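The values are calculated or read from the model by the stated rules, or taken from the named source; none is laboratory data. As the structure is a computational prediction, the values presented were derived from the model and not from experiment. Don't worry about glycine lacking a Cβ; one is built from the backbone with ideal geometry, like all the others, and counts go over all protein chains shown. Accessible surface areas use protein heavy atoms only, side chains included; no ligands, DNA or RNA. Shrake-Rupley method; radii C 1.70, N 1.55, O 1.52, S 1.80 Å.
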Amino acid sequence: MQFENTLSFAQSLDEKDLLKDFREEFIIPVENGKEQIYFLGNSLGLQPKQTTTYIQRILDGWSKHGVESFFIGDDPWIDYHSHLTKAFSIIIGAKSSEITIMNNLTVNLHLMMVSFYRPQGKRNKIICEGKAFPSDQYMFESHIKHHGLNPDDVLIEINPRAGEHCLRTEDILQVIEKHKDELALILFGGINYYTGQVMDMNAITSAGHRAGARVGFDLAHCAGNIPLQLHDWDVDFACWCNYKYLNAGPGAVGGAYVHERFHNDADINRFAGWWGYKKETRFKMDKGFQPITSAEGWQLSTPHMMLWAAVRSSMDIIGRAGWDTMQQKRKILNAYLWFVLDKINASQKEKQIEFITPGEEEQHGCQVSMLMLQKGKEVYDKLMSNGIYVDWREPNVIRLAPVPLYNTFEEVWKFGNTLHSILQGKI
Ligand SMILES: *Cc1c(COP(=O)(O)O)cnc(C)c1O
């Protein structure tokens, strides 16, 4: 499509937007009577208006029937999880039985490490991305120590080549090949949180399996952002959070995926709890753990009903919007953002912005990370004080992520226009 960097053109794209009515379903932050431009859906997605109702229904069930709400009422709590996994199967690209909604992301990563990191002799190494998200780094470090191993010996971090910002798949595959006799696990962010780069999860999984390793992904920045096919890619396990692109609120309950080939594996190690016990006989409360033969077998505790309700509300919106339609809009909204940013960069006498997110469409999702070559913090502060929510990552990066459900083309244009004025010193 031929884009134009004008307000009227942006508005014409909004007119044609199949998802334009969905913005109404979210609470947009307002300051001094003015709607803010919220480009932080990659950090904490906005609140759907209907989430209150979903949570209220749980509270109503609790007040009306107490614990019996698990089994009676219009929407018995005992079946609640199956509604969630059904909705997630499209977003994650997996069978419902391979998905479970529980805990938080870091907790789930630890649980998956118990099952999928099984160091044996010299086959004890883990390959991950350099500068992984801090929580993932601490998870690796503490988990490796828990096995009595030294993180410096075990962890192999892959970094971009000198002068580059992103990882090359060929480099990742080469490191896998090089360590193929000592590799226990490969665990990457499916999208790097800092650069916004999408990893080639399919290729990494195949290479990892050829090397005899387990392969998992942290999907914090993927889930609800880009299409995934975890089952077809044959990924062993994955975890994600539901408060970023999935709008289920701060500290929302997270998700985990376990490939079905492990569901009946009696030898798989895991930390168990009663909520992962076979449903038919769970309430006999017998000795000896017998897991549900699905990803639910990794559940530990009584479900977080109020938090599940927020996820259910989010899934309902995505169901009505349509995942494919969301993907179509994501691509064009993001392409428009890149177009506007390129125009700005080209109009500067000196280059002020270096994009560290790969420009190729299949290598990024909603997010664009801009390395500011000059006045970075000042630009960030001025964007924020002009009602544009973006985020700042040390030392010099501004990240922003317009999302298809509630952001508009007009907002993207306004952002570009404001950034241009800031860079020109007019604001
Ligand atoms: C956001 C994020 C987390 C956060 O983990 P929580 O346990 O949900 O706080 C972890 N890893 C990555 C890659 C993230 O982007």
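Add +1 for every Lys or Arg and -1 for every Asp or Glu among the other residues with Cβ under 11 Å from the Cβ of Asn225, and state the total.
Combined, the nearby Lys, Arg, Asp and Glu give +2.
Hey, what's the range 147-194 come to in accessible area per residue, 1.4 Å probe, Å²?
Result: 50 Å² of accessible area for each residue.
In whole percent, what relative contact order does the range 293-427 give with Cα contacts below 8 Å and a gap of six or more residues?
24
Among residues other than Ser206 whose Cβ falls under 15 Å from its Cβ, what is the net charge (Lys/Arg +1, Asp/Glu -1)?
-3
Treat each spin label as a single point 7 Å out from the Cα along the C-beta direction, and report the Lys64 to Gln174 distance in nm.
In this crude spin-label approximation the distance works out to 6.3 nm.
Which percent of the accessible area of the chain is formed by carbon and sulfur heavy atoms (probe 1.4 angstrom)?
The nonpolar share, carbon plus sulfur, comes to 50 percent.
In what sequence, highest mean first, do 60-68, 130-138 appear when ranked by Cβ atoms within 10 angstrom?
130-138, 60-68
Can you list the residues, at least 5 places off or on another chain, whose amide H is less than 5 Å from the amide H of Ile353, using H built in the peptide plane?
Leu373
Around Gly61, what is the net charge, scoring Lys/Arg as +1 and Asp/Glu as -1 over all other residues with Cβ under 15 Å from its Cβ?
Result for the neighbourhood of Gly61: -2.
Is the C-alpha gyration tensor of the chain telling us rounded, prolate or oblate? Criteria: a/c under 1.5 is rounded; beyond that, a/b larger than b/c is prolate, otherwise oblate.
oblate
Going by average Cβ neighbours within 10 Å, how do the peptides 338-350, 292-304, 192-204, 236-248 rank, with the highest at the top?
236-248, 192-204, 292-304, 338-350
Run the reach check for Lys122 against lysines, Cα to Cα strictly under 21 Å, same-chain hits fewer than 8 apart removed. What comes back?
Lys145, Lys178, Lys180
With a 10 Å radius around each residue's Cβ, average the other Cβ atoms per peptide and rank 19-25, 105-111, highest first.
105-111, 19-25
May I ask you to derive the FRET efficiency for Gln229 and Ser385 from their Cβ-Cβ distance with R0 = 41 Å, giving the value to the nearest 0.05?
Plugging the Cβ-Cβ distance into 1/(1 + (r/R0)^6) gives 0.45.
Taking Cα atoms, how many degrees apart are the long axis of helix 7-16 and the longest axis of the chain, rounded to 10 and kept between 0 and 90?
Tilt of helix 7-16: around 40 degrees.
May I ask you to evaluate 6.51 cos²θ - 1.76 cosθ + 1.60, the Karplus curve with θ = phi - 60°, for each residue of the range 363-378 and list the ³J(HN,Hα) values in order in whole Hz, giving x for glycine and proline?
Result, rounded to whole Hz: 9, 9, x, 6, 7, 10, 9, 10, 7, 8, 7, 9, 6, x, 5, 5.
Between Asp152 and Glu31, what length in nm is gained on full extension when 0.36 nm per residue of separation is reduced by their alpha carbon distance?
Computed gain between Asp152 and Glu31 is 38.7 nm.
What is the angle, in °, between the Cα long axis of helix 80-92 and the longest principal axis of the Cα atoms in the chain? Nearest 10 is fine, range 0 to 90.
Between helix and principal axis, roughly 50 degrees.
Taking 8 Å as the Cα distance limit and 6 or more residues as the minimum spacing, I'd like the relative contact order of the range 375-421 as a percentage.
It rounds to 32 percent for the range 375-421.
Send over a whole-number figure in Å² for the accessible area per residue of the range 315-427, probe 1.4 Å.
Accessible area per residue: 39 Å².
Helix-only mean residue ellipticity at 222 nm, the chain, DSSP H runs n ≥ 4 weighted -39,500 (n - 2.57), per residue, nearest 500. What is it?
Roughly -11500 deg cm²/dmol at 222 nm, from the helical runs in the chain.
Can you tell me the 0 to 90 degree angle between the C-alpha axis of helix 134-146 and the longest principal axis of the chain, rounded to 10?
30
Step through the residues of the range 315-320 one at a time and calculate ³J(HN,Hα) from phi using the Karplus curve (6.51 cos²θ - 1.76 cosθ + 1.60, θ = phi - 60°), rounding each to whole Hz and writing x for Gly and Pro.
Rounded to whole hertz, the list is 5, 4, 5, 5, x, 6.
If you count only protein heavy atoms with a 1.4 Å probe, what accessible area per residue comes out for the range 1-141, rounded to a whole Å²?
That works out to 51 Å² per residue.
Run the simple label-point estimate for Thr293 and Ala266 please: 7 Å along Cα→C-beta, distance reported in nm.
Here the modelled spin labels are 1.2 nm apart.
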